[in-house]
1. Looking for whichever is within 16 Å of ligand 1 (Cβ to nearest atom), in contact with a strand residue (DSSP E or B) (Cβ under 8 Å, 6 or more places away or on another chain) and free of Cβ contacts under 8 Å to residues at least 60 places away in the same chain here; the options are 222, 145. Which one fits?
2. Please give the number of the condition residue 374 fails out of (1) open to solvent by 10 Å² or more (accessible area, probe 1.4 Å); (2) assigned to a strand (DSSP E or B); (3) in contact (Cβ under 8 Å) with a residue 40 or more places away in the chain; (4) under 26 Å from residue 421 (Cβ atoms).
3. Quick check on my filter: what residues within the range 6-22 are within 13 Å of ligand 1 (Cβ to nearest atom) and not hydrophobic (A, V, I, L, M, F, W, C)?
4. So which residues in the range 395-432 are in a helix (DSSP H, G or I) and of a type outside the set (D, E, K, R)?
5. Please pick out the residue among 361, 304 that is touching a helix residue (DSSP H, G or I) at 6+ places or on another chain (Cβ under 7 Å), open to solvent by 20 Å² or more (accessible area, probe 1.4 Å) and within 16 Å of ligand 1 (Cβ to nearest atom).
6. Considering only the range 32-73, state which residues are in a loop (DSSP other than H, G, I, E, B), under 16 Å from residue 87 (Cβ atoms) and of a type in the set (A, V, I, L, M).
7. When the residues of the range 13-38 are filtered to those that are within 14 Å of ligand 2 (Cβ to nearest atom) and in contact with a Lys or Arg (Cβ under 8 Å, 6 or more places away or on another chain), which remaining residue is most open to solvent (accessible area, probe 1.4 Å)?
8. Hey, any hits in the range 403-426 for a residue that's on the phi > 0 side of the Ramachandran plot, at pLDDT below 95 and exposed (fewer than 14 other Cβ atoms within 10 Å of the Cβ)?
Amino acid sequence: MANLVVVGGQWGDEGKGKLVDLLAARADIVARYQGGPNAGHTITLDDKKYALHHIPCGILHPKKICVIGNGVVVDPGSLLREIRDLATAGIEVAGRLFLSDRAHVIFPYHRELDRMREERIRKNRLGTTCLGIGPAYESKAGRKGVRVVELRDRALLQNKVEQHFRAEDGQMPPVIERIGLDIRRVIDEYVRFGDILSKFTIDTSAYLQRALREGKALLCEGAQGALLDMDHGTYPYVTSSNPTAGGACTGLGLGPTQVDAVLGVFKAYCSRVGEGPFPTELREETGEHLRERGREYGTTTGRPRRVGWFDAVAARYAARLNGMKAVALTLLDVLDDQAEIPVCVAYRYRGARLTEFPCEPWTLEQVTPEYETLRGWRKPIAQARDLASLPAEARDYVRRLSDLIECPVAVVSVGASREETIRCEGSILPDWL
Ligand code: IMP
Ligand code: MG
């Protein structure tokens, strides 16, 4: 059985949650490789909605193993709440949820620092989720971070946290002042967290390597999306990790030769939460309309998402960056009532026609999309279970996007539930679909 990485092809919220939930039926293990509680997957199961932030979507399948890899930054209080909420819904995670001993930990001061910066630099703010993700990855890269394994040792933890506060950056004292942070209390709390989490904590890379040797099927779940990637996204308007497929290797402790295929997930249009360039953004009624139809409000922060037409320049870039083998197109039904659907095929910038995604945010801010207009289908498509049952215009739309992305479409999602899914014939991912 091959293993598969599922990545977002846009700015996150492409519907990866539904895809992972669907594909998890064929997996033995589902593993998250980066990000933290900034991620929000909404999954609808038997008319019940589940919002997951750290835990992979595979958890909703009773027997699947779920792994939170070393590349994830974990907020222990928030993770424990997630575990509790699942338990309340009758979903038990004990014995099938594993947390990497090497994952870095988010502290209250990371959250506060994130919030303070966003408030202070109103003009150039990034629109982060204010959950401390960036500051926690900074601590990690700055070699001041605390890893899950260190929560077990009170003396070590105290030493590290105090060192952190004494750190040269001078940012900590105002943070402490503002939230009146009692370091001792924080340490007590985190030692307690460490104690509870110890029954989930293992060397997940070693565990996964063993599982792969036994022929287990591994599904790697990315959070956010390629255009929010720290290296390849619209920097600095990015998240502080690598959602692109390569992140699955570093974030789980796998080698590149152990990844067999990459499935990219794209919305049939685009959305973005937070600041940063968004060439095809719709600011008028059409945007409002798509936002309502697509229920485009953040799972984690509740913020209304910015929405726009499908951007094929960005999508082709994302497909290449990730080495996508196949594409899943989601939320196609949101476009049901559009008479015409523009798709961005190039950018115009100072008289030039750009077909490659530019690196500079200021260029991206100023490009004008060149649109190709496709015909809408103007009927509900949620009932379709194969491509043949889609209206011809919807089929044409899917085919055209696939041509533009330069990657075959393997799945089309026409609604939130597991059933509202079209698996394309001649599947490119035979083990999975
Ligand atoms: P951070 O990840 O909280 O630092 O936020 C950085 C940027 O990534 C902001 O624009 C956020 O809105 C965006 N972001 C972070 N997580 C997600 C997600 O799961 N979906 C969509 N956008 C996200
Ligand atoms: Mg989301």
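The values are calculated or read from the model by the stated rules, or taken from the named source; none is laboratory data. Source: prediction; values computed, not measured. All Cβ positions, even for glycine, are placed from backbone atoms using ideal geometry, and neighbour counts span all protein chains on display. Heavy atoms of the whole protein, side chains included, go into the accessibility calculation; ligands, DNA and RNA do not. Shrake-Rupley method; radii C 1.70, N 1.55, O 1.52, S 1.80 Å.
1. Numbers: 222 fails: free of Cβ contacts under 8 Å to residues at least 60 places away in the same chain.
Criteria check complete, one pass: 145.
2. All conditions are met except number (3).
3. 8, 9, 10, 12, 13, 14, 15, 16, 17
4. In the first step, residues of the range 395-432 are kept if they are in a helix (DSSP H, G or I); the result is 395-405.
Those that are in a helix (DSSP H, G or I) and of a type outside the set (D, E, K, R): 397, 398, 401, 402, 404, 405.
5. Working: 361 fails: touching a helix residue (DSSP H, G or I) at 6+ places or on another chain (Cβ under 7 Å).
Answer to the selection: 304.
6. Matches in the range 32-73: 55 only.
7. 13
8. yes
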